[in-house]
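Below is one structure, written out as structure tokens, with a few remarks after it.
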Amino acid sequence: MVFYVLLVVVFVCFFLVAYKHPTTEKDVSLTLLGIIILIGGFRDRIGWDYYSYTNWYLNGTRDDGLEFGFLGIMQVFRYFNLDYHFLFFFFSFFTYLFAYLGIRKYTKNSSLPIVLYVLIPVLFLYSFTYMRQFLSVAIAFYAFSFLLDKKYLGYFLLMFVGTSIHYSCLIPFFFFLIVHKWGIFVKSYYLYLLMGATFIMGQVGIIHWLGLLFKDSHYLLYVSTKLAVSVPLLKLLVINTMGFLVINYYDKYGFQNHNQKYLLLLYVSSILILNLFSESTELTRLYIYFRIFEILLVAELIYVALENKRFWFMSFVCCFYLLPYFRAINIDYERAPENLKLIPYKSLLFKKTEIDD
């Protein structure tokens with residue numbers, strides 16, 4: 001655990017340097033990018049799917065059932081007879097690179113969003129396991145900036161690549177287009193109503209009906225009431241509270257630029273998905289494509305809170321990010337296979353491939 005505590009401390013310190021000395025912002029953000037690439041890219045035996053990907057790469061056990069983009073990457077690596085560690089580094093490098101490029105396109109104050117990216121377990125820590133989907137998430141995040149700039153060819157090409165890595169990228173592909181086309185007409189009070197309605201619907205339960213719909217499909221695994229693990233109610237309440245605060249802020253003070261309205265809608269969509277499918281954490285994995293926009297919106301609220309010394313909000317933010325971060329590490333320690341745990345952190349960069357917890 002010491003490693004992850006130090007990681008948080010180091011990242012916060014770098015952010016404070018950029019906050020106090022704005023001219024260092026770009027250098028700090030590049031440094032943070034380099035650190036997360038080293039941590040994620042050179043990890044060794046971390047992540048539940050580590051051996052699954054290793055086996056797919058070495059033995060081709062799922063070549064017929066994988067998306068053609070991911071399969072193509074593996075085939076290139078196999079052709080050059082590269083070690084499977086290169087595959088893990090490749091996916092980590094481009095996942096964090098696309099996330100960084102997206103952040104830089106949406107805001108110049110990029111160090112804080114990177115810190116928030118690392119602190120949200122479902123964005124950084126979980127990328128060690130769900131490699132393909134998280135690369136698609138980062139690509140989609142970056143691609144939406146092209147849609148906002150009306151560079152449609154770039155958007156379609158990037159989303160095509162994202163879909164070729166993980167088919168789930170098809171959903172944000174179409175949803176992004178809908179938000180870009182009609183999102184400007186959505187009022188803030190609609191968002192409050194939708195959050196309330198989906199929260200109630202999720203608590204009432206819809207997974208049973210989805211089970212009937214997909215009873216003859218391989219997707220039944222995701223909607224099975226026997227296998228489903230629900231999202232904790234406290235987590236739902238806290239995430240909805242943060243959503244309420246974010247909507248309230250932008251409703252009260254307005255947007256710094258026209259595009260922030262679309263980012264807000266995508267972020268709130270992540271809450272709606274989480275609320276609606278809270279009976280099954282497998283179904284809520286889709287919300288990652290939309291929650292990543294949180295790092296941009298909440299970062300602005302944190303800057304305002306720091307400038308106005310709103311300690312109550314900063315206290316809430318610290319709890320909102322730090323508690324789930326360390327809880328996720330603790331859950332991994334209790335449930336992950338013994339040799340694939342986050343603790344101790346294991347890296348190819350160290351002679352002893354373990355950093356003591």
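If you average the alpha carbon positions of region 300-346 and of region 72-119, how far apart do those two centres end up, in angstrom?
21
Determine the dipole magnitude for region 30-127: charges of +1 sit on the beta-carbon of Lys and Arg, -1 on that of Asp and Glu, nothing else is charged, the reference point is the Cα centre, and the result goes in debye to the nearest 20.
Details: 7 positive and 6 negative charges, 89 e Å.
In total the dipole reaches around 420 debye.
Considering only protein heavy atoms, what is the solvent-accessible area of Trp56 at a probe of 1.4 Å, reported in Å² to the nearest 10?
Its heavy atoms expose roughly 30 Å² to the probe.
If you take the beta carbon distance between Tyr303 and Cys13 as r and set R0 to 22 Å, what does 1/(1 + (r/R0)^6) give as a FRET efficiency, to the nearest 0.05?
Computed FRET efficiency for Tyr303 and Cys13 comes out at 0.80.
Measuring with a 1.4 Å probe in the full set of protein chains, what accessible area per residue, in whole Å², belongs to the chain?
Values: 17470 Å² over 357 residues.
Using a 1.4 Å probe on heavy atoms only, each residue of the chain averages 49 Å².
Treating the beta-carbon of each Lys and Arg as +1 and of each Asp and Glu as -1, no other charges, what is the dipole magnitude of the chain about its Cα centre, to the nearest 20 debye?
Numbers: 29 positive and 22 negative charges, 137 e Å.
With only Lys, Arg, Asp and Glu charged at Cβ, the dipole is about 660 debye.
Provide, as a two-decimal number, the C-alpha radius of gyration of the chain over 2.2 N^0.38 Å, N being how many residues it has.
Dividing the Cα Rg of the chain by 2.2 N^0.38 Å gives 0.98.
Using the Cα centre of the chain as origin and beta-carbon charges of +1 (Lys, Arg) and -1 (Asp, Glu), tell me which of Tyr126, Leu71, Tyr249 is placed farthest towards the positive end of the dipole.
Tyr249
Which value in deg cm²/dmol, rounded to the nearest 500, describes the helix-derived mean residue ellipticity at 222 nm for the chain, given -39,500 (n - 2.57) per DSSP H run of n ≥ 4 and division by the residue count?
-22000 deg cm²/dmol
In nm, to one decimal, how far is the modelled label at Lys150 from the one at Phe68, with both set 7 Å along Cα→Cβ?
3.2
About the Cα centre of region 241-357, what is the dipole size in debye to 20, counting +1 per Lys and Arg Cβ and -1 per Asp and Glu Cβ, all else neutral?
220
On full extension of the chain, what length is gained from Cys318 through Asp83, given 0.36 nm per residue of separation minus the C-alpha to C-alpha distance? If you can, show how the numbers build up before the last one.
On the way: separation 235, 0.36 × 235 = 84.60 nm, distance 4.01 nm.
Between Cys318 and Asp83, full extension yields an extra 80.6 nm.
Given a 1.4 angstrom probe, I'd like the percentage of the accessible area of the chain that is carbon and sulfur, rounded to a whole number.
The nonpolar share, carbon plus sulfur, comes to 66 percent.
Just want the answer: with Cβ charges of +1 for Lys and Arg and -1 for Asp and Glu, which residue in Tyr287, Met314, Leu297 is farthest toward the dipole's positive end in region 283-327?
So the residue furthest toward the plus end is Tyr287.
Accessible area of Val231, 1.4 Å probe, to the nearest 10 Å²?
The accessible area comes out at roughly 10 Å².
How many angstrom lie between the Cα centre of region 137-176 and the Cα centre of region 28-67?
Cα centres, region 137-176 to region 28-67: 22 Å.
Do the alpha carbons of any pairs in Lys187/Lys252; Lys20/Lys261; Lys181/Lys261 sit beyond 19 Å of each other, and which pairs?
With Cα atoms farther than 19 Å apart: Lys20/Lys261.
The values are calculated or read from the model by the stated rules, or taken from the named source; none is laboratory data. Everything quoted here is computed from the prediction, not taken from an experiment. For neighbour counting, all protein chains shown are included, and Cβ atoms are generated from backbone atoms with ideal geometry for every residue, glycine included. Areas reflect the complete protein model, heavy atoms only, side chains present, ligands, DNA and RNA absent. Shrake-Rupley method; radii C 1.70, N 1.55, O 1.52, S 1.80 Å.
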